[in-house]
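Bear in mind that the values in this text are calculations on the coordinates, not laboratory data. Note that the coordinates shown come from a computational prediction; the quantities given were computed from them, not determined experimentally. Using ideal geometry, Cβ is built from the backbone for each residue, glycine included, and neighbour counts are taken over all protein chains shown.
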Amino acid sequence: MTKRMRYRDWKWLWWYHFFLLLITVNGQTRYSIPEELKRGSVSYTLSKSECFTLKMKELSGDRYVPELVLEKPLDREKQSVHQLLLTALDGGSPVKTGTSSIIVTVLDNNDNVPVFKRTLYNISVPENSASGSVLVRVEATDADEGVNAELEYRFADSTPQALLSILRMNSDTGEIILLNPLDYESSNKIEISVTAKDRGVPEMEGHCRVQIIVIDVNDNVPEIILTSKPSPVREDAPKGAVVALISARDLDSGNNGKVMLQLTNESPFTLKPSFSNNYALITNGALDRETNSEYNVEITATDSGSPSLSSKKTICISIIDVNDNPPFFNQLSYNVYLKENGVAGSILYSVSAKTLIGQWVLSAEFLNCFRVQISAP
Ligand SMILES: *[C@@H]1O[C@H](CO)[C@@H](O)[C@H](O)[C@H]1NC(C)=O
Ligand SMILES: [Ca+2]
Ligand SMILES: [Ca+2]
Ligand SMILES: [Ca+2]
Ligand SMILES: [Ca+2]
């Protein structure tokens, strides 16, 4: 009969994990190796291992039983399987040995927090980004396995409702999706906290921040504002007389909000820039009510965006009459021939003069004999 141990003597080892009994003695975790091995004067050695050692436990009657002792905490994330080799030596001469492998599979415990690849995601997006577009994808990893590493992405509970109506989180992929248009003019920066939660028990949670910088797009048309109503202008107003005060406004920023005002058509007026975006509409030439009693001045506002936007406004300016036209007769002198003894009241002669509303006055020395009668032309 061979002294070498046969398979059936060792087959318990294939079932070792059914028998491993966890006992803690003096702070050490011990896994007792079953009864069957207690027979005979057999000694044991264990292959070198960082975590496990073999201790002989004394039983009554000088009998010993080998125990597998855990020397330091296991960490599945460092080593998930430990392969040990147990050797049994008999007391004979020469010594005969038998070996068996012990495979220790370390079960996962949810002891790792999900960790984001970046603590801050800093991205820039134009304000006209289309709804439905993916702005950024956050990503976290979890060193555990199975449900302990299954992640769900969410916006932090403290996220304001206003942001939740603009952004949506895909809880599986970590993609942040734009729901509604951004508006640089109302908010040029969005900051949001994101969490990744695993499905372990208890669950663990990792955090990161997402900063979305909104880039201005030229989406506002410049406006022309009359800061004072245009006042009617006397036709004899000197050059440079202020007719109206005008300002320009554009809600965009930078070049998109830089506005230039111009007069579109020829007129005896010009725009004089004053402070910032303010202008004065002033006279720039001779006015004449008799040729033009009213001017429609068209102003164009253009921003410096690319492409640029513009708007127009027409201002109506009326010219006030000044009595600057003396009446003049068709002829400088009229020669009238009369017979003596003429009937009083008869019309002698008609004269006419170009004039505005006025009076006809006859020299005083003739008032005894003549008077002027006005008749329709
Ligand atoms: C985020 O990006 C913007 C523009 O790219 C930059 O000006 C800003 O300094 C960045 N912020 C941080 C905290 O990195
Ligand atoms: Ca773990
Ligand atoms: Ca985990
Ligand atoms: Ca804009
Ligand atoms: Ca603009």
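Spatially, segment 263-297 and segment 118-138 are offset by 49 Å when compared through their Cα centroids.
Round to the nearest 0.05 the FRET efficiency obtained for N341 and S375 when R0 = 35 Å and r is the Cβ-Cβ distance. So the FRET efficiency works out to roughly 0.90. Placing a pseudo-label 7 Å from each Cα along the Cα-to-Cβ vector at L89 and D288 gives an inter-label distance of 13.1 nm. Across segment 121-151, the residues whose backbone nitrogen lies under 14 Å from the label position 7 Å along the beta-carbon direction of I213 are 121-127. Tally the DSSP beta bridges in segment 115-215 and give the antiparallel ones as a percent, rounded to 5. If we restrict to bridges inside segment 115-215, about 75 percent are antiparallel. For R63, no residue whose modelled amide H falls within less than 5 Å of its own remains once neighbours fewer than 5 places apart on the same chain are excluded. Distance between the 7 Å Cα→Cβ label points at A156 and R249: 3.6 nm. Cross-link reach is defined here as a Cα-Cα straight distance under 18 Å, omitting same-chain residues fewer than 8 places apart; for K78 the aspartates and glutamates meeting it are E50, D108, D111, D142, D144, E145. Calculated FRET efficiency, A143 and N180, Cβ-Cβ r, R0 45 Å, to nearest 0.05? It comes out at approximately 0.75.
Extending 7 Å from Cα along the Cβ direction at F366 and again at V115 yields two label points whose distance is 11.8 nm. Projecting the Cα atoms of L107, S124, V65 onto the charge dipole of segment 53-136 (Cβ charges, centred on the Cα centre) puts S124 farthest toward the positive pole. Annotation: the residues M169, M260, sorted from fewest to most other C-beta atoms within 10 Å of their own C-beta, follow the order M260, M169.
At R0 = 22 Å, how high is the FRET efficiency between H82 and R199 if r is their beta carbon distance? Nearest 0.05 is fine. My answer for the efficiency is 0.25.
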